[in-house]
Each structure stands twice: as C-alpha cells, then as structure tokens.
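The values are calculated or read from the model by the stated rules, or taken from the named source; none is laboratory data. Just so we're clear, the structure is a prediction, and the values are computed from it rather than from any experiment. Neighbour counts are summed over all protein chains in view; Cβ atoms, including those assigned to glycine, are modelled from backbone coordinates with ideal geometry. Surface areas here come from the heavy atoms of the whole protein model, side chains and all, with no ligands, DNA or RNA. Shrake-Rupley method; radii C 1.70, N 1.55, O 1.52, S 1.80 Å.
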Amino acid sequence: MSQETLTGTNLSELREEYDKKVNETLPNMAQDSDGWPIHLNHCFGRVVLDNTFEDEWYDHVDGRPAYENLSEKKLHKAIDIADIMIEEGKPTVKKLNKNSLRWRDKL
C-alpha cells in the first residue's frame, strides 16, 4: 500500500527512489570507481541526510529509518543530493562528505 500526501505525491515511491540510490546505486558506483572517500551505504545515507539538513541529521529526524520519517520537501532534497552525487561523482562525494564530517566535528 502506498502513502500519498494530500496533494497526491506518492511518498512510498519517493522513499523507494531514495533507498535505491543510497543503498544500491551510490555504493555500487563507489566500488567500481577509483578513490571515492566513502563506499558503504550507511556512509552515503549519512552524507545525503547531513547535507539535506546542513547539520547532523539525527538532530532533525524522529524515528528510524530516517528516510521513512522525512517530510516530502526534505525527501525531495535528499534525492536531489543523491542525484548530484551520482552525476558528478568523486569530487562532489568528497565535498559533501567533508561537509558532513565538519558538522560532526570530525575534521
């Protein structure tokens, strides 16, 4: 059963899209590439969500998994960030990972 907003947006489809990009597409691209700074799905989830909120994501999301608890607007933004990482590859992944680490005081 899908979940739709009052405006007709299918949140279930958006969540599936996010899940596929973060848990399959990006990790597969990282494994097939040379020198991406992250390779694991949970790392891509951290980077995408931290950049979505421009902060540590778990300070902004109640419930786990986080992508199932995002507003429609934040879910669209997270998917857009994942798409940019897919399109631009290593340089963007590196930059967004640095953002995430800086927000977490790991740099």
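Among the GluC sites (Glu not before Pro) within the stretch 25-107, those in coil by DSSP and having at most 15 neighbouring Cβ atoms inside 10 Å are Glu54, Glu56. Each other residue within a Cβ distance under 13 Å of Pro65 adds +1 if Lys or Arg and -1 if Asp or Glu, for a net charge of -1.
Recomputing volume of the Cα convex hull per residue in Å³ from the coordinates shown identifies the correct label among [x] 96; [y] 150; [z] 120 as [x].
The angle between the Cα long axis of helix 41-53 and the longest principal axis of the Cα atoms of the chain comes to about 70 degrees, rounded to the nearest 10. Modelled label positions at Glu88 and His76, each set 7 Å beyond Cα in the direction of Cβ, lie 2.0 nm from each other.
The angle between the Cα long axis of helix 11-20 and the longest principal axis of the Cα atoms of the chain comes to about 20 degrees, rounded to the nearest 10. Which entries in the list Lys21/Lys73; Lys20/Lys77; Lys74/Lys106; Lys21/Lys90 go over 19 Å, if you measure between the two C-alpha atoms of each? Too far apart for the 19 Å limit: Lys74/Lys106.
Over the chain, DSSP H runs of length four or greater, each weighted -39,500 (n - 2.57), average out per residue to a 222 nm ellipticity of -18000 deg cm²/dmol. Taken per residue, the accessible surface of the chain reaches 60 Å², heavy atoms only and a 1.4 Å probe. For the stretch 14-73, the residue among Ser33, Phe44, Tyr58 whose Cα projects farthest onto the positive side of the dipole built from Cβ charges is Ser33.
A cut-off under 10 angstrom between Cβ atoms defines the neighbours of Leu101, and their net charge, with Lys, Arg +1 and Asp, Glu -1, is +3.
Dipole size of the chain about its Cα centre, with +1 on Lys/Arg Cβ and -1 on Asp/Glu Cβ: approximately 440 debye, rounded to the nearest 20. In this label model, Arg104 and Glu13 are separated by 3.3 nm, measuring between points 7 Å along each Cα→Cβ vector. List the relative contact order of the chain as a percent without decimals, with contacts defined as Cα pairs under 8 Å and 6+ residues apart. That works out to 31 percent.
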